[in-house]
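Before any comments, here is the structure.
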Amino acid sequence: MMNSAYRSVHLTASRLINPNPISSSLLHLLPLYSSTHAAPPRSSPLRRRFLATPSSSSFYIPMAAGDDQVPPPESHLLEKQFESFRVQLEESAALREQIRAVVMEIESATRLIQANLLLVHQSRPIPGFHFEAVWLLLVTNNVAVSVDGAEIIEKAKEKIDDLKKFYGRLAEILQKCPGQYYRYHGDWRSETQAVVSQLAFMHWLETGTLLVHAEAEAKLGLNSLEFGLETEDYLTGICFMSNDLPRYVVNRVTAGDYDCPRKVMNFLTDLHAAFRMLNLRNDFLRKKFDSMKYDLRRVEEVYYDVKIRGLISGGDPPPPNVQAQSS
Amino acid sequence: MYENEKRERVVKASRDITMNIKKVIFQVHSKDNKEEVLEKAGKDLEAVREQHFARLMKELQGTDFWKLRRAYSPGVQEYVEDATFYKFGMSGTLCTLDEINSTLLPLSDPSLEPLQINILDYILGLADMTRELMRMAIGRISDGEVKFAQRICQFVRQIHRELLLVVPQMDDSYDMKSKMEVMLQSVIKIENGFTQTN
């Protein structure tokens, strides 16, 4: 029972509220009105299940009088709008579920890398401290044996291929919704930060240098043109890496590697100085950067402690009375 | 209501376990007359098991164990904490869930389903135990028993590492996540303790 005036009003109004190309394509799905005036408004296939009888215009709004009355245009628009919202949001929710599934795999792989890298805290002391090595092995023979640093890194590296695969899958999923990278970015933000942190630590263990952004991106098979590594995620990941360094230094010293504190201290000093050049606003990254200062301070403490005890290599071996000293 | 009364009795039994078992931890920590004290600790553990734990099991007979878990979980966790700590004090090894559960089997009525500690309560209790291990390690370091402290350190490291991979799959892992943070801090405290000994 539609009249043409109502129809044209509706069409115009629809275009006004749905400028978005996606929803206009959705509108395309909803056959608006049949060409004959007499046709009942059983327009939308989606709404069909809501309609009690074919001829009822809308059961949302109670009819005041007469079944000839058409519902006011606004309620129709309202329904249509929310209908289209439902469809859109269902799509984005489904996408999000796919993303979550891949992100969970990323998380799982990262955990394996992390558990592996934790073994560096009990890795064999450097050669030249043979007695300590044997001692440690004897003490721990029931539990975990001291592991070789190089072995640890090799095992961890195997997982990187998995990560590359997962990020590739993520990129594929995101291709389904071009232009919405930042809408969903939060879903993999913290996991990516953790990944960077582990990769950077691994890189540092191997080379003593900082894993740069471009290299991290390449390791994960990402590229900044399509699906890249967010600079802030990279920087936050680096800060997380720095958080683990004091613990590493302490354990290396315990194992007899007295050169480690100096190396780490120099590295962190440079890193901290480089970060200072950034103009960070007061957010999570800023807080992580602030914590780097404490990491540096802790490493410095260990360095001075080792120095005071005359344990720094490169000089003469410490006199016997220093070694016998216990604090 | 019968259900509520039963729940309250279960809570009470759980609390009784907690109250009576804490002394085992102190005994394992003790530095004097270690062997004697440890022996006593073992007997006390057994007593708590046969008296209070058995009581809990009795109260739970006929009810779904998962249904009333919130009522008895704290006591069970505490039991796991103390039993595993005692085992470490005795032998330097981990008391597994199977081992603990096998000690409980004799306590239950053979005709009924035995109460077995579930995996979640075991892990939670184990996490709490690592804090006691940290205190023990620090104590041993200050006593000059560095080797034993090293052993504790490796043990806690290993538990931490194993749990890292397991915890995310746990139900309500929120509690456990904060326990993991505490556990890492315990490991770091022990490690830092060694810097005093060089």
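The values are calculated or read from the model by the stated rules, or taken from the named source; none is laboratory data. Note that this is a predicted model, so its numbers are computed, not measured. Note that each Cβ is placed from the backbone with ideal geometry, even for glycine, and that neighbours are counted across all protein chains shown. In case anyone asks, the SASA skips ligands and DNA or RNA and just uses the protein heavy atoms, side chains included. Shrake-Rupley method; radii C 1.70, N 1.55, O 1.52, S 1.80 Å.
For residues that are open to solvent by less than 40 Å² (accessible area, probe 1.4 Å) and over 18 Å from B:Lys23 (Cβ atoms), tally how many sit in segment B:50-60. Talk me through it step by step, then tell me what you get.
Initial filter on segment B:50-60 (open to solvent by less than 40 Å² (accessible area, probe 1.4 Å)): B:52-54, B:56-57, B:59-60.
Cutting the leftovers down to over 18 Å from B:Lys23 (Cβ atoms) gives us B:54, B:56-57, B:59-60.
Qualifying residue count, segment B:50-60: 5.
Kindly evaluate B:Gly139 against the criterion of being open to solvent by less than 20 Å² (accessible area, probe 1.4 Å), out of contact with any Cys (no Cβ under 7 Å at 6 or more places or on another chain) and farther than 18 Å from A:Tyr248 by Cβ. Before the answer, list the steps.
Values: open to solvent by less than 20 Å² (accessible area, probe 1.4 Å): yes; out of contact with any Cys (no Cβ under 7 Å at 6 or more places or on another chain): yes; farther than 18 Å from A:Tyr248 by Cβ: yes.
Yes.
Filter segment A:253-269 for residues that are in contact (Cβ under 8 Å) with a residue 12 or more places away in the chain and of a type outside the set (A, V, I, L, M, F, W, C); which is farthest from the other protein chains (Cβ to nearest Cβ)? Steps first, please.
Initially, segment A:253-269 is screened for residues in contact (Cβ under 8 Å) with a residue 12 or more places away in the chain, giving A:253, A:255-265, A:267-269.
Among the residues that remain, those that are also of a type outside the set (A, V, I, L, M, F, W, C) are: A:256-259, A:261-263, A:269.
On the way: A:Gly256: 9, A:Asp257: 12, A:Tyr258: 9, A:Asp259: 15, A:Pro261: 11, A:Arg262: 16, A:Lys263: 17, A:Thr269: 21 Å.
Ranking the qualifying residues of segment A:253-269, first place goes to A:Thr269.
For segment A:201-236: of the residues being over 18 Å from A:Asp162 (Cα atoms), among the hydrophobic types (A, V, I, L, M, F, W, C) and in a loop (DSSP other than H, G, I, E, B), which is least open to solvent (accessible area, probe 1.4 Å)?
Once the filter is applied, the top-ranked residue is A:Leu211.
Counting just the residues of segment A:100-139 that are farther than 16 Å from B:Pro168 by Cα, surrounded by fewer than 19 Cβ atoms within 10 Å (Cβ to Cβ) and at the interface with another protein chain (Cβ under 9 Å from one of its Cβ atoms), which one comes out modelled with the lowest pLDDT?
If we take residues in segment A:100-139 being farther than 16 Å from B:Pro168 by Cα, surrounded by fewer than 19 Cβ atoms within 10 Å (Cβ to Cβ) and at the interface with another protein chain (Cβ under 9 Å from one of its Cβ atoms), then A:Trp135 is modelled with the lowest pLDDT.
Would you check if A:Leu296 is over 30 Å from B:Lys147 (Cα atoms), more than 14 Å from every other protein chain (Cβ to nearest Cβ) and aliphatic (A, V, I, L, M)? Even if it seems obvious, please write down each step before you answer.
Working: over 30 Å from B:Lys147 (Cα atoms): no; more than 14 Å from every other protein chain (Cβ to nearest Cβ): yes; aliphatic (A, V, I, L, M): yes.
For A:Leu296, the condition - over 30 Å from B:Lys147 (Cα atoms), more than 14 Å from every other protein chain (Cβ to nearest Cβ) and aliphatic (A, V, I, L, M) - is not met.
Quick check on B:Cys153: is it closer than 29 Å to B:Lys40 by Cα and either in contact with a Lys or Arg (Cβ under 6 Å, 6 or more places away or on another chain) or away from chain A (no Cβ under 11 Å) (or both)?
Details: closer than 29 Å to B:Lys40 by Cα: yes; either in contact with a Lys or Arg (Cβ under 6 Å, 6 or more places away or on another chain) or away from chain A (no Cβ under 11 Å) (or both): no.
Considered against the rule, which asks whether it is closer than 29 Å to B:Lys40 by Cα and either in contact with a Lys or Arg (Cβ under 6 Å, 6 or more places away or on another chain) or away from chain A (no Cβ under 11 Å) (or both), B:Cys153 comes out as no.
Tell me yes or no: at least one residue of segment B:39-46 is on the phi > 0 side of the Ramachandran plot, surrounded by fewer than 19 Cβ atoms within 10 Å (Cβ to Cβ) and either of a type outside the set (Val, Ile, Thr) or part of a helix (DSSP H, G or I) (or both). Lay out the reasoning, then the answer.
Pass one, segment B:39-46, residues on the phi > 0 side of the Ramachandran plot: none.
For segment B:39-46, residues on the phi > 0 side of the Ramachandran plot, surrounded by fewer than 19 Cβ atoms within 10 Å (Cβ to Cβ) and either of a type outside the set (Val, Ile, Thr) or part of a helix (DSSP H, G or I) (or both): absent.
Could you check how many residues of segment B:9-33 are free of Cβ contacts under 8 Å to residues at least 60 places away in the same chain and either of a type in the set (Ser, Thr, Tyr) or open to solvent by 70 Å² or more (accessible area, probe 1.4 Å) (or both)? Quick ask: steps written out before the conclusion?
Residues of segment B:9-33 that are free of Cβ contacts under 8 Å to residues at least 60 places away in the same chain, as a first pass: B:9, B:12, B:16, B:19-20, B:23, B:26-27, B:30, B:32-33.
Among the residues that remain, those that are also either of a type in the set (Ser, Thr, Tyr) or open to solvent by 70 Å² or more (accessible area, probe 1.4 Å) (or both) are: B:9, B:12, B:19, B:23, B:26, B:30, B:32-33.
Total satisfying the criteria: 8.
Which helices (runs of 4 or more DSSP H) sit wholly inside segment B:61-142 and have at least 2 residues that are closer than 22 Å to B:Ala13 by Cβ and of a type in the set (Gly, Ala, Ser)?
So the answer is B:69-91.
So in segment B:61-93, with the set limited to residues that are open to solvent by less than 30 Å² (accessible area, probe 1.4 Å) and within 14 Å of chain A (Cβ to nearest Cβ), which one is farthest from B:Asp175 (Cα to Cα)?
B:Gly92
What are the residues in segment A:255-292 that are surrounded by 18 or more Cβ atoms within 10 Å (Cβ to Cβ) and aromatic (Phe, Trp, Tyr), if any?
Within segment A:255-292, A:Tyr258, A:Phe267, A:Phe275, A:Phe289 meet the criteria.
Out of B:Leu133, B:Leu124, B:Leu112, I need the residue that is farther than 28 Å from A:Glu105 by Cβ and open to solvent by 10 Å² or more (accessible area, probe 1.4 Å). Which one?
Details: B:Leu133 fails: open to solvent by 10 Å² or more (accessible area, probe 1.4 Å); B:Leu124 fails: farther than 28 Å from A:Glu105 by Cβ.
Just a single option satisfies the conditions, and that option is B:Leu112.
This table checks each residue for (1) over 30 Å from A:Glu107 (Cα atoms); (2) free of Cβ contacts under 8 Å to residues at least 24 places away in the same chain.
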| site | (1), (2) |
| --- | --- |
| A:Gly221 | no, no |
| A:Leu225 | no, yes |
| A:Glu230 | no, no |
| A:Tyr234 | no, no |
| A:Lys288 | no, no |
| A:Lys293 | no, yes |
| A:Leu296 | no, no |
| A:Tyr304 | yes, yes |
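So if I check each of A:Leu210, A:Leu229, which one is of a type in the set (A, V, I, L, M, F, W, C) and under 21 Å from A:Ile152 (Cα atoms)? Please lay out each step first, then the result.
On the way: A:Leu229 fails: under 21 Å from A:Ile152 (Cα atoms).
When all the criteria are applied, what remains is A:Leu210.
Within segment B:34-53, work out how many residues are closer than 17 Å to B:Ser91 by Cβ and of a type in the set (Val, Ile, Thr).
1
With (1) at pLDDT 95 or above; (2) more than 14 Å from every other protein chain (Cβ to nearest Cβ); (3) surrounded by fewer than 16 Cβ atoms within 10 Å (Cβ to Cβ) as the list, and B:Gln185 as the residue in question, which single condition is left unmet?
Status for B:Gln185: all satisfied but (2).
Does any residue in segment B:102-122 that is within 17 Å of B:Arg55 (Cα to Cα) come within less than 7 Å, Cβ to Cβ, of a residue that is open to solvent by 20 Å² or more (accessible area, probe 1.4 Å) and of a type in the set (Lys, Arg) six or more places away or on a different chain, and which pairs are these?
If the second residue must be open to solvent by 20 Å² or more (accessible area, probe 1.4 Å) and of a type in the set (Lys, Arg), the pairs left are B:Thr103/B:Arg49; B:Leu107/B:Arg49.
Restricting to segment B:149-172, name every residue that is surrounded by fewer than 16 Cβ atoms within 10 Å (Cβ to Cβ) and part of a helix (DSSP H, G or I). Outline the logic, then answer.
Quick first cut of segment B:149-172, residues surrounded by fewer than 16 Cβ atoms within 10 Å (Cβ to Cβ) only: B:162, B:165-166, B:168-169, B:171-172.
Correct list: B:Glu162, B:Leu165, B:Val166, B:Pro168, B:Gln169.
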